[in-house]
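**Q** Attaching a single structure in structure tokens format; questions to follow.
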Amino acid sequence: RPRDPEANPGLVALFDEHERDRLTAFRRPADRARYLAAHALARLVLGDRLAAHPAGLRFDRTCRCGQQHGKPRLDGDGPGFSLTHSGDLVGVAVFDGAVGLDVEQHRPLSDLAAMAAHICSPVELTRPRPTGPRAFLTTWTRKEALLKATGDGLSRPMSAITLSPPWRPPAVEAWTGDGAPREAVWLADLMPAPDHPAAVAGFGAAPTIREFDGDPLLSSWAPG
């Protein structure tokens, strides 16, 4: 769950200068709380994985433009990770390779037909389209997780990806365009909380996916 920075100075102390600047730049308390929870959780999980102090981890955020505002990755060798948030939920996925994670809070959506037409591939447009928010958000989280795994995110079109229908097990049927990966793709649905569909994706052999509640980890952190 999101964490109030004023009530969690020990978590704020984990951050480097870039993260602290980003944290204070948010105007809305809810945005600051989500940012703190997601990035502190990432540091704690990665620190445990690497047997390193979480505050000592260094990240490379170089964007294609050369500035430090791109997707964060560990500076040097280490696992890949992906952050996501929606509503009152944040998530972190860690994998020995590229990984993408997305979660969306179930909510009413306006002009659902136009949104579905925008994200569906030509093949998907010949099929029955998502008729409700749950089916649409299932498709969206699956595709965004895949695009985040490539490192491109939503700079690449979702319509380049053809998936199995949202009511079937997730599978990539086709992927076209310059951003299409050459290696095998794995994709899985998650449900970390009621009315919060989520998906995680990566490349290579499909792993065994384990889910953990991050709240105890954030609550138990004590600087030292």
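**Q** Based on alpha-carbon positions alone, could you give the equivalent ellipsoid semi-axes of segment 1-120 from the gyration tensor, as √(5λ), descending, whole Å? Please list the in-between numbers first.
**A** Numbers: eigenvalues 138, 73, 42 Å².
They are 26, 19, 14 Å, listed largest first.
**Q** Find, to one decimal place in angstroms, the Kirkwood hydrodynamic radius of segment 65-162, where the mean of 1/r is taken over every pair of different Cα atoms and then inverted.
**A** Radius from the Kirkwood sum: 14.8 Å.
**Q** Also, I was wondering about something else. Based on the inverse mean of 1/r over its pairs of different Cα atoms, what is the Kirkwood hydrodynamic radius of segment 1-51, in Å? Please list the in-between numbers first.
**A** Details: mean 1/r = 0.0912 Å⁻¹.
For segment 1-51, inverting the mean 1/r across all distinct Cα pairs yields 11.0 Å.
**Q** Just want to confirm a number: the relative contact order over the chain, from Cα pairs under 8 angstrom separated by 6+ residues, in percent.
**A** Working: 381 pairs, mean separation 38.1, N = 224.
In percent, rounded to a whole number, it is 17.
**Q** What's the ranking of 118-128, 38-48, 151-161 by average number of surrounding C-beta atoms within 10 Å, highest first? All intermediate terms of the calculation are to be shown ahead of the outcome.
**A** On the way: 118-128: 14.5, 38-48: 20.8, 151-161: 16.5.
Going from most to least packed, we get 38-48, 151-161, 118-128.
**Q** Along each principal axis of its Cα atoms, how long is the chain end to end? Whole angstroms, biggest number first, please.
**A** 57, 36, 35
**Q** Something else now. For the chain, with the dipole built from +1 on Lys and Arg beta-carbon atoms and -1 on Asp and Glu ones, taken about the Cα centre, which of Gly214, Pro122, Ala7 lies farthest toward the positive end?
**A** Pro122
**Q** Could you give the dipole magnitude of segment 88-214 about its Cα centre, charging the beta-carbon of Lys and Arg +1 and that of Asp and Glu -1, in debye to the nearest 20? List each step's numbers first, then the result.
**A** Values: 11 positive and 15 negative charges, 72 e Å.
The dipole magnitude comes to about 340 debye.
**Q** Can you figure out the FRET efficiency of Leu112 with Thr176, using R₀ = 35 Å and their beta-carbon distance, to the nearest 0.05? Provide the component values of the computation, followed by the final result.
**A** Details: r = 24 Å, r/R0 = 0.70.
E between Leu112 and Thr176, to the nearest 0.05, is 0.90.
**Q** Hey, with R₀ at 30 Å, roughly what FRET efficiency would Ala222 and Met191 work out to, going by the Cβ-Cβ distance, to 0.05? Please report the intermediate quantities before stating the final value.
**A** On the way: r = 31 Å, r/R0 = 1.04.
Efficiency computed from Cβ-Cβ geometry: 0.45.
**Q** Regarding segment 111-224, what is the average projected area of its C-alpha convex hull, in nm²? The partial results should precede the final answer.
**A** Values: hull surface 37.5 nm².
If I average the Cα hull's projected area over directions, I get 9.4 nm².
Every number in this text was worked out from the coordinates using simple rules, so none of it is lab data. Note that the structure is predicted; figures quoted are calculated from it, not measured. No Cβ is skipped: glycine too gets one built from the backbone with ideal geometry, and neighbour counts run over all protein chains shown.
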